[in-house]
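Right, one structure below, let's go through it.
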Amino acid sequence: MIFHPKTKTPPSCLEKEKQKVNGSYNCPGVLELLKKDFKNKCYICENKAPHSINTEHFIPHKGDKDLKFDWNNLFYCCAHCNNTKLAKPQFDSILNCTIESEEVDRKIKYHIHPFPKEQAVITALSGEAKVNNTVSLLLEVYNGTTPLKKIESGNLRSKLLKEIRSFQDLLFKFYDDIYNEKERLFFKDQIARELRASSGFTAFKRWILRDNDMTEDFVEYL
Ligand SMILES: [Zn+2]
């Protein structure tokens, strides 16, 4: 999970839908802007271009029309993460990735060994209840709970592990002295692209740098 600044002005269709008896918050303007603001990534697992997308209510609306049509309460989420979050009331209170001061990728550490069948290790770096709830949610998302969710999580981790291996490969090349300065700059550009908010599983990639004393070379991208 990383910070995603959200467009301040709600899409115009949202207020119009709110006025209708059976209006839908899933109007085209909302979906387009959520996709853009969240870089077409699930905000919880950071899977890029997920196959199944849900418009999630960060705080469950429970029939409250204001919460149901509140632009600040609408998030871009994959079905796997949305279902996992809905399963436990404690997940109603997690860090909000659209608020920069919540520091979602600094209060939580993300780690996985690039090896088949490895589990993700998610660690709280602060004692806040919201941080602990977020960590519990992320552990369930990446490692699974029910038999069905374990299969979904396994598929998610396969994609994550492949991305981490490619990212590590770029880092090895960048630090390998067989390459000249021009070649190293080329690798640095590719690494920078992987550290952007629009890249998949960005929090895991940023933590590889923080964990391995490589932040100095990429400080402007962290
Ligand atoms: Zn997800």
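For this structure, a couple of remarks:
- Over the range 143-222, the ratio between the Cα radius of gyration and 2.2 N^0.38 Å evaluates to 1.28.
- Cα-based reach from LYS48 at 17 Å (exclusive), listing lysines while leaving out same-chain residues under 8 positions away: LYS35, LYS36, LYS39, LYS159, LYS162, LYS205
- Heavy-atom accessible surface of the chain: percent carbon and sulfur, 1.4 Å: 53 percent
- Taking a ≥ b ≥ c as the square roots of the eigenvalues of the Cα gyration tensor, the range 89-171 is oblate, since a/c reaches 1.5 or more and a/b is not larger than b/c.
- Directionally averaged shadow of the range 12-221, computed from the convex hull of its alpha-carbon atoms, nm²: 13.3 nm²
- Within the range 9-56, the trypsin sites (Lys or Arg not before Pro) that combine a DSSP coil assignment with at most 15 other C-beta atoms in a 10 angstrom radius are LYS20.
- From most to least packed by mean Cβ count within 10 Å, the peptides 175-184, 113-122 give 113-122, 175-184.
- Estimated FRET transfer efficiency (LYS62, GLU15; beta-carbon r; R0 22 Å; 0.05): 0.60
The values are calculated or read from the model by the stated rules, or taken from the named source; none is laboratory data. Here the structure is a predicted model, which means the values were calculated and not measured. Cβ sites come from the backbone with ideal geometry, for glycine too, and all protein chains shown count toward neighbours. Quick note on the areas: whole protein, heavy atoms, side chains included, nothing else; ligands and nucleic acids left out. Shrake-Rupley method; radii C 1.70, N 1.55, O 1.52, S 1.80 Å.
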